[in-house]
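Comments concern the structure below.
The values are calculated or read from the model by the stated rules, or taken from the named source; none is laboratory data. Model, not experiment: these values are computed from the prediction. Here the Cβ positions follow ideal geometry from the backbone for every residue, glycine too, while neighbour counts run over all protein chains shown.
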Amino acid sequence: MFQRRFLRGGMVLMVAALLVIPVAAVAGSHGQQHSSPGQGPRPALKSVDANGEMQLSDQDRCPVCGMFPAKRPKSAAAMVLKDGRTFYFCGNGCLLRTWRYSDRHLKEPADAIQRMVVRDYFSGAPLDAEKAWWVAGSDVIGPMGPALVALRSEQELARFKERHGGRKVFRLSEMDDALWAALFPPKHK
C-alpha cells in the first residue's frame, strides 16, 4: 500500500515537472528574439514608411528589453539599418542604448545604422533622432522609467521645460562618454 501511494505521488511530481519546466523555460526567455545562437534579434515585420511612420506589428519586440512596442505606440522608436532591416523599441532609452552599443544589442557595428526615428513629444509626429532636441531628467515617465524626451525645435524645448522640467538638454551629436554616464549612470551592486 505504501509503495503504491509513493509511486503514484512520484508519477504526479514527474508529470507536473514535465508540464512546468517547458513553461518556465519559455517565460524565462523574456522576449528574446534571437533567431539562432550568436545572432542578433529578429527585425521588425515592416519598416518605417517614406514619411518615417512606424509600421508596428504585434510580433515586433524591443531588442533591449523584450517589450512589445505596438502596446506603447506613443513612446515607440525605430532604427533602420543600411541593409533595410528595421528594429522597433519600446522607448527612446532602449533606442539610444542600441545606438550607443549596437554591437552588443544587434550584433552590428554602429556604421550599419542608417536612420533612427522617434516621436516628437508634443505632436507625436515622426522625427529624425539626429535632428531632435533631447531632454533627460524631466517628470515624464516612459515604459522603462524616467523618459528621454525628443522634441522638434528649441521653441518646443522651452515649452516642455516649463511644464516638465529637465536637468539635461542635448543633441545626439554631443554624445560622449561623460554625457552617456550622466544619462545612464552605472548600477551599483
By residue number, the members of segment 32-48 that are at pLDDT below 95 and either more than 20 Å from Lys107 (Cα to Cα) or surrounded by 15 or more Cβ atoms within 10 Å (Cβ to Cβ) (or both) are Gln33, Gly40, Pro41, Arg42
When (1) part of a helix (DSSP H, G or I); (2) of a type in the set (D, E, K, R); (3) under 15 Å from the mean Cα position of the chain (by Cα) are applied to Asp58, the one that fails is (1)
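Mind counting the residues in segment 173-186 that are out of contact with any strand residue (DSSP E or B) (no Cβ under 7 Å at 6 or more places or on another chain) and either farther than 16 Å from Glu130 by Cβ or surrounded by 12 or more Cβ atoms within 10 Å (Cβ to Cβ) (or both)?
Step one: list which residues in segment 173-186 are out of contact with any strand residue (DSSP E or B) (no Cβ under 7 Å at 6 or more places or on another chain), which gives 173-178, 180-181, 184-186.
Narrowing the set further to residues that are either farther than 16 Å from Glu130 by Cβ or surrounded by 12 or more Cβ atoms within 10 Å (Cβ to Cβ) (or both) leaves 175, 177-178, 180-181, 184-186.
Number of matching residues: 8.
Quick grid of which residues meet (1) surrounded by 23 or more Cβ atoms within 10 Å (Cβ to Cβ); (2) within 30 Å of Gln155 (Cβ to Cβ); (3) among the hydrophobic types (A, V, I, L, M, F, W, C); (4) at pLDDT below 95:
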{"position": "Asn51", "(1), (2), (3), (4)": "no, yes, no, yes"}
{"position": "Ala70", "(1), (2), (3), (4)": "no, no, yes, no"}
{"position": "Gly91", "(1), (2), (3), (4)": "yes, yes, no, no"}
{"position": "Asp111", "(1), (2), (3), (4)": "no, no, no, no"}
{"position": "Gly124", "(1), (2), (3), (4)": "no, yes, no, no"}
Of the residues in segment 128-168, those that are crowded, with 17+ Cβ neighbours inside 10 Å and more than 20 Å from the chain's Cα centre (by Cα) come to Arg152, Glu156, Leu157, Phe160, Gly166
Considering only helices (runs of 4 or more DSSP H) wholly within segment 90-171, the ones with at least 1 residues that are among the hydroxyl-bearing types (Ser, Thr, Tyr) are 92-100, 102-105
